[in-house]
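Shown next, in structure tokens, is the structure this report addresses.
None of the figures in this text is laboratory data; all of them are computed from the coordinates on show. Quick caveat, the model's predicted, so the values are computed rather than measured. Here Cβ is always computed from backbone atoms with ideal geometry, including for glycine, and neighbour counts include all displayed protein chains.
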Amino acid sequence: MPTHRLRAQDTLQPVDAKGTLPVVAVVHSADPVSLFDLVKAADGCCQLVSILDGDPSAGRILRHLGPVVDITGLSDDDAGEKVRALAPDGIATFRNRALRRTAALADRLRLPFHSPDVAATLLDKYSQRQALERAGLDGPRFRLVEPGDSAAGSIVGDLRFPVVVKPSAGLGSRETFLARSIEEVTDALASAWSAGAGAMVVEEYLHDSEEVMAADYASFVSVESVIGGGTLRHLALIGKFPPAPPFRETGHFTPSQLSPAAVETVLDTVGAAIGGLGVTVGALHTEVKITPDGPRIIEVNGRTGGAVPDVLLAAGGCSLMQAAMRVALGETPSDEGLSPCDRVGFRINVQPPTSAHRVRSVEGVEQVRQLPGIQSVTVLRNEGDAVNWRLGTDQLVAALIGAVDSLDALGAIRRQVSEGLSIAYE
């Protein structure tokens, strides 16, 4: 997803130019986090240094924040020595792609972060399912299928259809399919492997709870948490809009539509999952399905949720990114519970249909930008740009962020956006 690009009229002051705050090293993959988001999060908390492990061209932008160290292509030991020269007090990342590397650096520099073993489990869906099962959490039955395995039918075994077929190391619903038969499983595996996917997980589909699902809401949520010093704090519970087929996210909002009792049950389940995975420090984004049998873990991610921090801020809540930086510095979170919000923050993702191959036109942007409650409209795919639903949630065409006074108002503004924004496809 494109990040902010500096323009001639933009001004960006280095964080803590006098050097009086502790230093947090932020590890970036090829898609660095927005500079302005980082500056806002670091304000009054820390100085930033950037560790680049990917496209070197990103360094030109990151230098606006302060020192940049490029460790692309280096071994973990060599990268650790290069970062050690900056004497960071903490280390963090906001990208899944940088999680393993960040854990390796933290281990060598003896900084608070997920251990390499924990990071490996968080990044691999099959290993994570195994760990949650060992910890006694109820979940779907599952199987691992290695590339090229032609005996998918025997591997699926007694799993009940429908099943979800997804990469064990994937993210953002990329190459993720819903299959209702052996034939559909075989087709999904062939499609994923032809696109370069590795090992695939096949797991039973977690059915929706009709009590929480409605026309405007999905029956899954996410929870944003930080842990450190023996204290786990859940900062936000994020509601979701119904996904675009098969599992592409169309947006989220907070506070959620769940009742206080349902919120408590979800948070208890997430806490058990985090403990079961052996996480002791860091920021976490946990996706939870609300089923007829109660909450079930979809997956736990070892960083703050993508596109979530802006929504919590829009709702009047705390900075998730700053909370992650603070636990990276060894601070213990408070036990105050969910961050209080005085309005409903939201993000709307406009996803292309599965039949679309290219954007033909985007109209109505200025019209929806003027709607009450809309704070920003970002067009991510323009006329002529290719789209491919198999690449998951990140193929969205537009994203809108804002805040309203109630869930009823949220439903109304979603309808207005749907009516006002017109996108044609080939």
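Can you give the extra length, in nm with one decimal, that the chain gains between E363 and S418 once fully stretched, where that is 0.36 nm per residue apart less the Cα-Cα distance?
Working: separation 55, 0.36 × 55 = 19.80 nm, distance 1.16 nm.
Value of the extension gain: 18.6 nm.
So how do E383, E336 line up by other beta-carbon neighbours within 10 Å, fewest first?
E336, E383
May I ask you to compute the full-extension gain from A409 to E336, defined as 0.36 nm times their residue separation minus their alpha-carbon distance, rounded to one decimal in nm?
Full-extension gain reported as 23.5 nm.
Is the shape of region 74-218 best called rounded, prolate or oblate, per the rule: a/c under 1.5 gives rounded, else a/b larger than b/c gives prolate, else oblate, with a ≥ b ≥ c the square roots of the Cα gyration tensor eigenvalues?
Prolate, since a/c reaches 1.5 and a/b exceeds b/c.
Which entry in (1) 95, 77, 35; (2) 74, 49, 44; (3) 61, 50, 45 is this structure's computed Cα extents along the principal axes in Å?
Correct label, based on the coordinates given: (3).
What is the antiparallel percent of DSSP beta bridges lying wholly in the chain, to the nearest 5?
80 percent
Which whole-Hz ³J(HN,Hα) couplings does region 226-233 yield from phi under the Karplus relation 6.51 cos²θ - 1.76 cosθ + 1.60, θ = phi - 60°, glycine and proline marked x?
So the J values, rounded to whole Hz, are 10, 9, x, x, x, 10, 9, 10.
For the pair T186 and Q370, what calculated FRET efficiency results from E = 1/(1 + (r/R0)^6), where r is the Cβ-Cβ distance and R0 = 60 Å, to the nearest 0.05? Spell out each step's value before the answer.
Values: r = 49 Å, r/R0 = 0.82.
Efficiency computed from Cβ-Cβ geometry: 0.75.
Where a Cα-Cα gap under 30 Å defines reach, which lysines qualify for K289, not counting those fewer than 8 residues away within the same chain?
In chain and number order, the partners are K125, K166, K240.
May I ask for the net charge around R248, where only other residues with Cβ less than 14 Å from the Cβ of R248 are counted and Lys, Arg are +1 while Asp, Glu are -1?
Spelling it out: positives minus negatives among the neighbours equals +2.
Counting alpha carbon pairs within less than 8 Å and at least 6 residues apart, what relative contact order, in whole percent, applies to region 312-420?
32 percent
Please arrange I274, I238 by how many other C-beta atoms lie within 10 Å of their C-beta, fewest to most. Provide the component values of the computation, followed by the final result.
Details: I274 22, I238 25.
The fewest-first ordering by Cβ neighbours comes to I274, I238.
Net charge near R415, counting Lys/Arg +1 and Asp/Glu -1 over other residues with Cβ under 12 Å of its Cβ?
Spelling it out: positives minus negatives among the neighbours equals -2.
To the nearest 500 deg cm²/dmol, what mean residue ellipticity at 222 nm is calculated for the chain from DSSP H runs of n ≥ 4 alone, each contributing -39,500 (n - 2.57), summed and divided by the residues?
Value at 222 nm, helices only, nearest 500: -8000 deg cm²/dmol.
Fewest to most neighbouring Cβ within 10 Å: what's the order for K125, K82?
By the 10 Å Cβ count, ascending: K82, K125.
Hey, what did region 337-396 get for relative contact order, percent, Cα under 8 Å, at least 6 apart?
Contact order relative to length: 43 percent.
Using r as the Cβ-Cβ distance of L178 and T20, and R0 as 41 Å, what FRET efficiency do you calculate, to the nearest 0.05?
On the way: r = 53 Å, r/R0 = 1.29.
My answer for the efficiency is 0.20.
For D293 and T354, what is the calculated FRET efficiency with R₀ set at 45 Å and r taken between the beta-carbons, to the nearest 0.05?
Calculated value: 0.90.
Along the charge dipole of the chain, which of P162, A179, T72 sits closest to the positive end, that is, farthest toward it, with unit charges on the beta carbon of Lys, Arg, Asp and Glu (+1, +1, -1, -1)?
The residue sitting most towards the positive pole is T72.
Could you grab the relative contact order for the chain? Cα pairs under 8 Å, six or more apart, rounded to a whole percent.
Once divided by the residue count of the chain, the mean separation gives 14 percent.
So for the pair K40, L74, with labels modelled 7 Å out along Cα→Cβ, what separation do we get in nm?
Between K40 and L74, the simple spin-label model gives 3.1 nm.
Under a GNM of the chain (C-alpha, springs under 10 Å), which listed residue has the highest mean-square fluctuation: A195, A79, A41?
Among A195, A79, A41, the largest GNM mean-square fluctuation belongs to A195.
I'd like the per residue volume of the convex hull spanned by the Cα atoms of region 34-91, given in cubic angstrom.
79 Å³
Tabulate in residue order the Karplus-calculated ³J(HN,Hα) for region 159-166, using 6.51 cos²θ - 1.76 cosθ + 1.60 with θ = phi - 60°, rounded to whole Hz; enter x for Gly and Pro.
For region 159-166, the Karplus curve yields 4, 7, 7, x, 10, 9, 10, 8 Hz.
Using the Cα centre of the chain as origin and beta-carbon charges of +1 (Lys, Arg) and -1 (Asp, Glu), tell me which of A398, A192, A262 is placed farthest towards the positive end of the dipole.
Value: A398.
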